[in-house]
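The structure under discussion appears below in the form of C-alpha cells.
The values are calculated or read from the model by the stated rules, or taken from the named source; none is laboratory data. Keep in mind that what you see is a predicted model, and the values were worked out from it rather than measured. Reconstructed Cβ throughout: ideal geometry from the backbone, glycine too, with neighbour counts over all protein chains shown. Just the protein is used for accessible areas: all its heavy atoms, side chains included, with ligands, DNA and RNA removed. Shrake-Rupley method; radii C 1.70, N 1.55, O 1.52, S 1.80 Å.
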Amino acid sequence: MTWHILGAGSLGSLWAVRLARASLPVTLLLRNAEQLAAYRAAGGLALVENGAEQRLAIPAQTLDDPAPIQRLLLACKAYDALGAVQAIAPRLTPDAELILLQNGLGSQQQVTERLPHARCILASSTEGAYRDGPFRVVFAGRGLTWLGDPRAPTPPQWLGELSRAGIPHEWSERIDSRLWRKLALNCAINPLTVLHDCRNGELQAHGDEVAALCAELAELLHACDQDDAASGLLDEVQRVIHATAANSSSMRQDVAAGRRTEIGYLLGHACAEGARRGLRLPRLTALLQALRAHLRARGLPDT
Ligand code: NAD
Ligand code: KPL
C-alpha cells in the first residue's frame, strides 16, 4: 500500500524519507506542476540528520493526478488541512485512511466532517524538523508521535511499517486528551513568548501570568471533559519552560519569519470552545485579543 504524503514540508518530508529508505512505497503530493518541476530539479527530497544529508528521489505527483489514494498522510498546517482535503477528496477510495498530523484542534473536526466515511487517525508529535532550503529538511529533535482514532480504538495494521521505518510512535486510546494537553501547553507558553518577545526560559520571570493562564486552561479542560489533560498542567508547563529554556517557541519563530501562525487552532480554538460553553475566561480572551492585534500590526493573518 502506497503512503501518499500531502505536504513536502518539515514533518511530511521527515516521514517520507524514513518510510522510503525502509523500502516502503511513498508518493509525494505537490500543489501543482510548477512545484513538481521544482522538486524534480532539486533531485528529490533531502533530510539532514546528525549533520549528514541524504537526498532521495521519492516519486511525486500533483494533487490533480487521477491515481486513487487509499492511505494519506496529511502533513500540512492546520489552516490548510480542509482546503487540501477538498482538493484531494475525488481521489480517495471508499475505504481511505487518513493520518492527520496537524497540531492544535479544530482542523481534525473540519476534515472528519468533510470526509465522514474515511477513517481519520489523529496524531500528536513531539518530533522536531524545519526546512532550511527547497525540499531540504533538518531533523532537529527526536520525539514520539502518538496516534489514535477517537471513533475506533483498534490500531491499524500498518503501525508495523512505522516501526520498520524507525518512526517512534505509540497508539493512544485517548488521542483527544493528548491533543488537548498539547494545545494547553502551547496556549500557556507560545503567545506569551510572542508578546514578551522572549525565549521560553524567560517566561520564568512571568510566573504569575503563566499560573493564571493555566488555571483558566484547566477550567476549560474540565468543562470539555478532559480531566486527565487538566491534571498537573501548571507543573508540566513549568517543566517545559525550564527544559526548553533556550528555545524560541514555534509561534515566536513563525512571527519572526513573517509566517502565518496556527493561532486559530490553538488559543483561538480554546477561546471559541470556552465561549461555546458559556465560560468566562478573561485572561485567555485578553491574551487572544493582544496576540491578534500583534499579528495584525505585522501584517500577518490573525486567525
Ligand atoms: P510546513 O509548513 O513545513 O509544511 C507544510 C507543507 O504543506 C508545505 O510544504 C505546504 O506547501 C504544504 N501544503 C499546504 N497545503 C497544501 C496543498 N493543498 N497541497 C500540497 N501541499 C500543501 O509545516 P510543518 O512544520 O511540517 O507542520 C505540519 C503540522 O505539523 C503543523 O500543524 C505543525 O504544527 C505540526 N508539527 C510540526 C512540527 C515540526 O517540527 N515542524 C512538530 C510537531 C507538530
Ligand atoms: O511545543 C512548543 C512549541 O514551541 O510549539 C513548546 C514551546 C515546547 C510548548 O509550547
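How do the pairs read when you match residues in the stretch 119-133 that are within 25 Å of Ser177 (Cβ to Cβ) and β-branched (Val, Ile, Thr) with residues anywhere that are part of a strand (DSSP E or B) and within 12 Å of ligand 1 (Cβ to nearest atom), using Cβ under 6 Å and keeping only pairs 6 or more apart or on different chains?
Ile121/Ile99
Every residue, every condition in (1) in contact with a strand residue (DSSP E or B) (Cβ under 9 Å, 6 or more places away or on another chain); (2) away from ligand 1 (no atom under 11 Å from the Cβ), yes or no:
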{"position": "Ala37", "(1), (2)": "no, yes"}
{"position": "Ala57", "(1), (2)": "yes, yes"}
{"position": "Arg71", "(1), (2)": "yes, yes"}
{"position": "Ala84", "(1), (2)": "yes, no"}
{"position": "Ala89", "(1), (2)": "no, yes"}
{"position": "Leu115", "(1), (2)": "yes, yes"}
{"position": "Arg142", "(1), (2)": "yes, yes"}
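Would you mind finding the one in Ile189, Ile167 that is in the same structural domain as Val237 (by TED's automatic domain parsing), within 16 Å of ligand 1 (Cβ to nearest atom) and within 19 Å of the chain's Cα centre (by Cα)? Steps first, please.
Numbers: Ile167 fails: in the same structural domain as Val237 (by TED's automatic domain parsing).
Just a single option satisfies the conditions, and that option is Ile189.
From the list Phe135, Phe139, which one is hydrophobic (A, V, I, L, M, F, W, C) and on the phi > 0 side of the Ramachandran plot?
Values: Phe139 fails: on the phi > 0 side of the Ramachandran plot.
From the options Phe135, Phe139, the qualifying one is Phe135.
Restricting attention to the stretch 127-139, does a residue exist that is among the hydroxyl-bearing types (Ser, Thr, Tyr), within 12 Å of ligand 1 (Cβ to nearest atom) and open to solvent by less than 20 Å² (accessible area, probe 1.4 Å)? Spell out the reasoning first.
Residues of the stretch 127-139 that are among the hydroxyl-bearing types (Ser, Thr, Tyr), as a first pass: 130.
Now drop any that are not within 12 Å of ligand 1 (Cβ to nearest atom), which leaves 130.
Restricting the remaining residues to those that are open to solvent by less than 20 Å² (accessible area, probe 1.4 Å) gives none.
No - not one qualifying residue is present in the stretch 127-139.
Search the stretch 214-229 for residues that are touching a residue at least 12 places away in the same chain (Cβ under 8 Å) and pair each with any residue that is open to solvent by less than 40 Å² (accessible area, probe 1.4 Å) and among the β-branched types (Val, Ile, Thr) when their beta-carbon atoms are under 6 Å apart and the residues are at least 6 apart or on different chains.
From residues that are touching a residue at least 12 places away in the same chain (Cβ under 8 Å), the pairs are Cys214/Val237.
Taking only the stretch 245-270 into account, find how many residues are in contact with a Cys (Cβ under 9 Å, 6 or more places away or on another chain) and more than 14 Å from ligand 1 (Cβ to nearest atom).
Of the residues in the stretch 245-270, 1 are in contact with a Cys (Cβ under 9 Å, 6 or more places away or on another chain) and more than 14 Å from ligand 1 (Cβ to nearest atom).
Could you count how many residues in the stretch 141-155 are open to solvent by 10 Å² or more (accessible area, probe 1.4 Å) and more than 16 Å from ligand 2 (Cβ to nearest atom)? Reasoning before the result, please.
Our first condition is that a residue be open to solvent by 10 Å² or more (accessible area, probe 1.4 Å); within the stretch 141-155, this holds for 141-144, 146, 149-155.
Then drop every residue that is not more than 16 Å from ligand 2 (Cβ to nearest atom), which leaves 149-155.
Qualifying residue count for the region: 7.
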